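Computed from the coordinates by the stated procedures, all read-outs in this text should not be read as laboratory data. Just so it is clear, the structure is predicted and the values come from calculations on it, not from any experiment. All Cβ positions, even for glycine, are placed from backbone atoms using ideal geometry, and neighbour counts span all protein chains on display.
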Amino acid sequence: MHGRLKVRSTAEQEEARRREKEKKVLWYREKNESIFAKRAAGEKDRDTLKLTEEVLLENSDVGTLWSYRREILTELLPTCSQEDSETMCKTELNILERCLRVNPKAYCVWLHRRWVLEHSPAPQWAHEKQLCDLFLNHDERNFHCWDYRRYVIRKAGIPPSDEFKYSFDKIATNFSNHSAWHYRSKLLPLLHPSHSSSNGIDENAMKKEYELAQNAFYTDPSDQSAWFYHKWLLGRGTRGTMIGCVLVRRDPAPFIAVSFNQNVKSTEEEPIIVTLGDALPKPVTDSGRFESLWWSCDLVFPKDEEVTVRIEKGDGVLVEMSLDKGSNSSLWLTPDLDLLFSTYLTAATSEVLDSELVMCRELLQLEPDNKWCLLTTLQLLEAIDYDKHHKEIIDLYDKLVKCDPLRRGYYNDLRSRHLIAVKLRRRLEERRESPDINSFDLSQLNLSRLYFTQHMVFIEDLLLNGNKLNSTHSLEGLKNLKSLQSLSLADNQLITLPKTLGGLTNLKSLSLENNDIKELEDFDTLRSLPELKELNIRGNPVCQLSDCEPFVKKMLPNIKLIH
Amino acid sequence: MGTPVKDVELPDRPELQELLLEKHASYIETFEKNKDDLDYCMTEFLRVSGIYWCLTAMDLIGQLDRMNKTEILDYVMSCFDKDTGGFRPAVNHDPHLLYTLSAVQILILYDSVSLIDKDRIVSFVSKLQQPDGSFVGDRWGEVDTRFSFCALATLSLLGRLDAVDIEKSVQFISSCMNFDGGFGVIPGSESHAGQVYCCVGSLAICKRLDVINADQLGWWLCERQLPSGGLNGRPEKLPDVCYSWWVLASLSIIGRIHWIDKERLTQFIMATQDDETGGFSDRPGDMVDPFHTLFGLAGLSLLGNRQIKGVNLIFCLPQNVIERLELDYELLKE
Ligand SMILES: [Zn+2]
């Protein structure tokens, strides 16, 4: 039940209401009983139509009563004259309209209306469209009516251009009409298709839509619908699959890891295929996994020999590399590091990005604290050149957190992703020049979450101290760090130890200094780390416990504990 | 200028800052006993779902034993339609996917699935799948992504997902995706948080969350939070407690629950308690009902309230009940 305000009343009013309700319950039950008795007896006549009408006008949500009416009409309509059946359908539509006026969001009423029109000898689609106009004037967001409208339009053969115009009129009346913007997004590709543009929509038509969105921004810059629409025009920010790096290692156990720019699945239709040397290609399907790092320890490399490795996935994803005789590991890095981290507004050309940026900057002059404009500006900057505009982007994120604190979690994550992208790209470029680089410094950045860790699969030494990492999900990415030997999580906000730590089997040294870990049992996770030699837990509440040291030492007998 | 933000103000009532567990339990208990109440009568057409809301709410606050198990199971079983294999919402009414899921949820909650002929239900559900992968709710042919969820969740709970075409189910759901990353009732329909939950839940059951653009959808979902702390179901709509569930569960499935302000949402949900009668309403000051009581409690559970049992994101049953079944589904972590 929605939107029923609780009202206070006197004892007298209360008593009168109680009696009235009691009467209504009796009435409702009696009517229903006789209806269901008739139905059980197989009665399908006009009296029963009358009876169900009475109840439905009181309670139009009862789907079964509408079903019963359909059963009766199915029986009666074929036996009537054309005129008579037209009248019956008309009556039915009248009842429906009365119900809709009271209860415009009843699924079964709209369903029944469709059924009646499908079974009418002469359905009046023009009238139905008028009904939609009327109901959408009354409630411009009623999605039942919008869906019914699309059905009527299809049935009536009304061209999409008329409806495109209608969506414009609705938007012009109220720029906040998300339903109308939505409708536009469905009609635009139908009306202005293009084979040459990247999103299948004609570029001139797109230009007009940018203008429309801009008009909306200038009328009310805090209307979210136009901003969502604008983001859609620019493109979803998705791209095809590409490989970031491939790590191949002989010792201590044969290991191969492939990092992708997004989560992938290795399915039967599109498996990851690995070919080692002259061996046969091996499709590796593991449909359960959906991750950005794919790895395997199942492969056998020929000992002390050079081995070539070929990775394929779908069309156009292909890496060929080799592991030299005598060397233990080899790392392949994509030549397109830029692409790997850049956000990509699929639908927009660089001229569009530039002109939209100009528009946003102008709007920001008038509305310096408008979060929608701040976010769009920074997304445009990221798409244009995230490295070059790094400083401005960070400032914009900081400002967004202040202007729209409810969504700080969202902005902080995006900010972390941007920062890590910038740092990691630079680090990978350095790594390309000096193969002995295996450390990475992400300390003191106020990171709220780890991103792109799949491309850090070769990193042995990682500094994450001085961030705002506080929960299991913020550290989920640790699971990709398959080469990690030393990790600092000092000066974060960890309350508990993430389970993902237990998977870092090469880890030798771990610092958890100055966090908020309270429970000794948490350290149980670390038991699965055979190489762990040094553990720093100084500055955690857990250190105050009298049995802290003996407990941890008993659990992890071979480590040096700093507490 | 455009329209002002639609929202509500939270009443300044310290007595609502506490979770009124005992009041909620007694509200639900009385609701189910008070069969002559007008609201109870007028909502007969969804009775089996109503029972599911009540039972799950009670189990989440550890009060399930206050409900009459024998009577309830008898009633639910009397709603089983032997001809089709579906469940009716109430005796005399027609069987439908919506109530079939609710009935199965009740049977699972009471660990009583052995009472039913699973194969009959599986056959009812699988016959409702259409060539395009969608599901109709019953023989009248209404298509809705809610029904996709009901079908897939029912089959998953019964361990019989193999009975339908999963690939086509996924294709149909994908065809309902919109410009804002959300999902609607049918292809072409506007995004709505309730439908988003149904589609995201379905994809999680099918282990096909790869279909979703999680950042885009997560953004749209976290924008449902209003200054009052409450969540709405679509842009420019009023906040409503039931969306605490639809939005939060969707965000959790895609690993982005921290994109909203949990504390503020908690305050909003708490303010929808009725400290006289018990129960939760859609918005502060409105009439309470079992539907919003369940989703208020389930929302608080997702927000980490320790007084309430953990709730399963996909099936909206207590997590310990789902763990008993060892179901397989997908959650996004990155
Ligand atoms: Zn609600």
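Highest first, please rank the peptides A:329-338, A:472-481 by the mean number of other Cβ atoms sitting within 10 Å of their residues.
Descending packing order for the listed peptides: A:472-481, A:329-338.
If you find the alpha carbon centre of the stretch B:81-98 and of the stretch A:491-553, how far apart are they in angstrom?
Here the answer is 55 Å between Cα centres.
Using 20 Å as the cut-off for backbone N distance, which residues of the stretch A:34-70 belong to the label zone defined by a point 7 Å from the Cα of A:Asp139 along Cα→Cβ?
Backbone N within reach: A:56-64, A:66.
Where the eigenvalues come from the Cα gyration tensor of chain B, what are the semi-axes √(5λ) of the equivalent ellipsoid, largest first, in whole Å?
Values for chain B, descending: 29, 26, 17 Å.
Going by alpha carbons, how many degrees (0 to 90, nearest 10) lie between the helix axis of A:46-58 and the longest principal axis of chain A?
With both axes taken from Cα atoms, the answer is about 50 degrees.
Determine by what factor the alpha-carbon radius of gyration of the stretch B:131-281 differs from 2.2 N^0.38 Å, reporting the quotient.
This ratio for the stretch B:131-281 stands at 1.09.
So how strong a dipole does the protein assembly as shown carry about its Cα centre when Lys and Arg Cβ are +1 and Asp and Glu Cβ are -1, to the nearest 20 debye?
300
Hey, what's the Kirkwood Rh for the protein assembly as shown if you take every pair of different alpha carbons, in angstrom?
In the protein assembly as shown this quantity evaluates to 30.2 Å.
Can you give the angle from 0 to 90° between the axis of helix A:224-234 and the longest principal axis of chain A, with both taken from C-alpha atoms, to the nearest 10?
Once rounded, the angle reads 60 degrees.
Looking at the stretch A:393-439, which GluC sites (Glu not before Pro) are in a loop (DSSP not H, G, I, E or B) and have at most 14 other Cβ atoms within 10 Å?
none
Quick one: the Cα spread of the stretch A:286-365 along its three principal axes, in angstroms, biggest first?
Extents along the principal axes: 65, 31, 23 Å.
About the Cα centre, and with charges only on the beta carbon of Lys, Arg (+1) and Asp, Glu (-1), how big is the dipole of chain B? Nearest 20 debye, please.
600
Determine the shielding of peptide A:25-35 by partner chains: average, over its residues, the number of Cβ atoms on other chains within 10 angstrom of each Cβ.
Counting other chains' Cβ atoms within 10 Å and averaging over A:25-35 gives 2.
Can you tell me the Rg and Dmax of the stretch A:412-563, counting just the alpha carbons, in angstroms?
For the stretch A:412-563, the Cα radius of gyration and maximum Cα-Cα distance read 15.2, 51 Å.
Could you pull out the trypsin sites (Lys or Arg not before Pro) across the stretch A:289-344 that fall in loop regions by DSSP (anything but H, G, I, E, B) with no more than 14 other Cβ atoms inside 10 Å?
Sparse-neighbourhood loop trypsin sites (Lys or Arg not before Pro): A:Lys303, A:Lys325.
Suppose a student asked you for the relative contact order of chain B, using Cα pairs under 8 Å spaced at least 6 residues apart; what percent would you report?
20
List the pairs from A:Lys129/A:Lys170; A:Lys38/B:Lys33; A:Lys499/B:Lys333; B:Lys309/B:Lys333 whose alpha-carbon separation is above 20 Å, in the order I gave them.
A:Lys38/B:Lys33; B:Lys309/B:Lys333
Based on the mean of other beta carbon atoms within 10 Å per residue, what is the order of B:314-320, A:553-559, B:77-83, most packed first?
B:314-320, B:77-83, A:553-559
So what's the angle, to the nearest 10 degrees on a 0 to 90 scale, between helix A:125-138 and the longest Cα principal axis of chain A?
Compared with the principal axis, the helix lies near 70 degrees.
May I ask you to list the GluC sites (Glu not before Pro) in the stretch A:300-342 that are in a DSSP loop and have at most 11 other Cβ atoms within 10 Å of their Cβ?
When the GluC sites (Glu not before Pro) of the stretch A:300-342 are filtered for loop state and at most 11 Cβ neighbours within 10 Å, A:Glu305 remain.
Give the percent of DSSP beta bridges with both residues in chain A that are antiparallel, rounded to the nearest 5.
Counting DSSP beta bridges with both partners in chain A, the antiparallel share is about 70 percent.
Using a 10 Å cut-off on Cβ to Cβ distances, tally the other chain neighbours for every residue of A:351-360 and report the average as a whole number.
Whole-number average of other-chain Cβ neighbours for A:351-360 is 0.
How large are Rg and Dmax for the stretch B:83-137 when only the alpha carbon atoms are used, in Å?
When restricted to the Cα atoms of the stretch B:83-137, Rg and Dmax are 11.5, 35 Å.
Just need the relative contact order of the stretch A:243-334 here, percent rounded to a whole number, with Cα pairs under 8 Å and 6+ apart.
34
Report the dimensions of the stretch A:1-71 along its three principal axes from the alpha-carbon atoms, largest first, rounded to Å.
Taking max minus min along each principal axis of the Cα atoms, the stretch A:1-71 gives 47, 24, 16 Å.
Mind jotting down the three principal axis lengths of the stretch A:323-457 based on Cα atoms? Whole angstrom, largest first.
Largest to smallest, the principal-axis extents are 64, 33, 20 Å.
Cα-based count: Lys pairs in the stretch A:243-334 below 16 Å, eight or more positions apart or different chains?
Value for the stretch A:243-334: 4.
Considering every residue in B:179-190, what mean count of other chain Cβ atoms within 10 Å of its Cβ is obtained?
Going residue by residue through B:179-190 and averaging, the value is 6.
Could you name the lysines in cross-link range of B:Lys35, using Cα to Cα under 23 Å and dropping any fewer than eight places away on the same chain?
Counting by Cα, and skipping residues close in sequence, B:Lys35 has these lysines nearby: A:Lys6, A:Lys21, A:Lys23, A:Lys24, A:Lys31, B:Lys23, B:Lys69.
Along the charge dipole of the protein assembly as shown, Cβ charges K/R +1 and D/E -1, which of B:Gly182, A:Phe458, B:Ile108 sits furthest on the positive end?
B:Ile108
If the viscosity is 1.306 mPa s and the temperature 10 °C, what Stokes-Einstein diffusion coefficient in µm²/s follows for the stretch A:57-192 when Rh is the Kirkwood radius over Cα pairs?
99
Normalise the Debye intensity by I(0) for the stretch B:279-334, one equal point scatterer per Cα, no solvent, then take log10 at q = 0.13 Å⁻¹ and round to two decimals.
-0.41
Among B:Leu152, B:Leu231, B:Leu209, which one shows the biggest mean-square fluctuation in a GNM of chain B, springs joining Cα atoms closer than 10 Å?
B:Leu209
Express the C-alpha Rg of the stretch A:243-334 as a ratio against the empirical globular expectation 2.2 N^0.38 Å, rounded to two decimals.
1.02
Tell me, how many Å apart are the Cα centres for the stretch A:216-275 and for the stretch B:301-334?
28
Return the lysines within reach of A:Lys231: Cα separation strictly under 19 angstrom, same-chain partners fewer than 8 residues apart disregarded; answer none if there are no such residues.
Candidates past the 8-residue exclusion: A:Lys186, A:Lys207, A:Lys208, A:Lys371.
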